[in-house]
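Here the structure comes first, spelled out in structure tokens, and everything after it is commentary.
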Amino acid sequence: MAQQERAVRTRRAVLEAAAVVFAEHGYTAATVADILKTAGVTKGALYFHFDSKEALAKGVLEVQTDQVLPEQEIKLQEVVDTAMAVAHRLVHEPLLRAGARLSADPIGRRHYGSAWPLWVDMVTDMLTEAHQRGETLGHVVPREVAELVVSSFNGVQLYAQLETGLNDIEHRASVLLKHLLPSIASPPVLMRLDVAPDRGARIIREALPESVPEPTPVPV
């Protein structure tokens with residue numbers, strides 16, 4: 001069991017190291033040597049878990065949607081919480097920044113794919129349930145709206161990355177949702193939604209065990 005746990009920790013360390021390198025340099029410029037240096041593991045340990053740089057990129061993308069947030073009385077609030085939590089995590093976690101950069105790379109994504117379909121599927125499921133509950137306006141088509149939310153968020157994320165190094169991403173994500181939600185949510189539900197810029201930070205603190213500190217921001 002101890003050996004298995006050690007292997008899990010090593011795999012995660014390699015993945016997070018790859019994320020740091022991908023987030024800083026992009027897929028093309030990143031090298032396995034850089035990832036090895038950042039991870040502090042042997043080449044054999046890295047290749048035991050990932051047989052190529054492409055496999056590392058795929059591994060980073062596969063865990064992009066791995067976040068567990070508290071359930072809410074209003075399903076649309078969970079959509080908001082997902083977006084705002086990601087906005088907050090982008091500032092603090094290279095893993096999320098790497099996923100955003102890899103997914104938006106028009107050349108690299110031909111080899112390893114993109115996390116966008118995962119996000120669209122997740123948001124579609126939440127919007128479908130919200131629609132069934134009567135929380136959305138009648139014209140809403142869940143998958144179309146999910147694609148709109150994901151694509152709009154990524155546009156805002158890219159703009160914030162280039163203009164401010166993500167320093168204002170939470171504010172910009174909040175503004176985006178304030179403008180999108182009136183065309184999605186029924187009026188009684190809209191009035192109850194919390195889309196404040198600090199919503200992501202608050203909901204993540206609520207989701208984390210008290211003994212686990214929030215990640216320290218990493219320079220971008």
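Just so you know, all these numbers are worked out from the coordinates, no wet-lab data involved. Everything numeric in this text was worked out from a predicted model, so none of it was measured. Using ideal geometry, Cβ is built from the backbone for each residue, glycine included, and neighbour counts are taken over all protein chains shown.
A few notes on this one:
- Remark: the range 57-66, residue by residue, has Karplus-estimated 3J(HN,Hα) of 4, 4, x, 4, 5, 5, 9, 4, 8, 7 Hz, where x stands for each Gly or Pro and the curve is 6.51 cos²θ - 1.76 cosθ + 1.60 at θ = phi - 60°.
- Each residue of the range 195-201 was assigned a 3J(HN,Hα) from its phi angle through the Karplus curve 6.51 cos²θ - 1.76 cosθ + 1.60 (θ = phi - 60°); the sequence is 10, 4, x, 8, 4, x, 4 Hz, with glycine and proline shown as x.
- Label of the coordinate-derived value, Cα extents along the principal axes in Å, listed as (i) 55, 36, 26; (ii) 53, 39, 36; (iii) 57, 40, 31: (iii)
- Which of 50, 22, 153 has the fewest Cβ neighbours within 10 Å, and the rest in rising order: 50, 153, 22
- Calculated FRET efficiency for the pair residue 141/residue 192, C-beta based, R₀ 30 Å, to 0.05: 0.85
- Highest average packing first - 59-72, 80-93, Cβ atoms within 10 Å: 80-93, 59-72
- Per-residue [θ]222 nm for the chain (sum of -39500 (n - 2.57) over DSSP H runs n ≥ 4, rounded to 500): -21500 deg cm²/dmol
- Under 5 Å between amide hydrogens, built in the peptide plane, is the criterion, and for residue 185 it picks out 137 among residues at least 5 positions away or on other chains.
- Rounded to the nearest 10 degrees, the angle from helix 116-132 to the longest Cα principal axis of the chain is 30 degrees.
- Lysine-lysine proximity count for the chain, Cα under 22 Å, sequence distance 8 or more or distinct chains: 5
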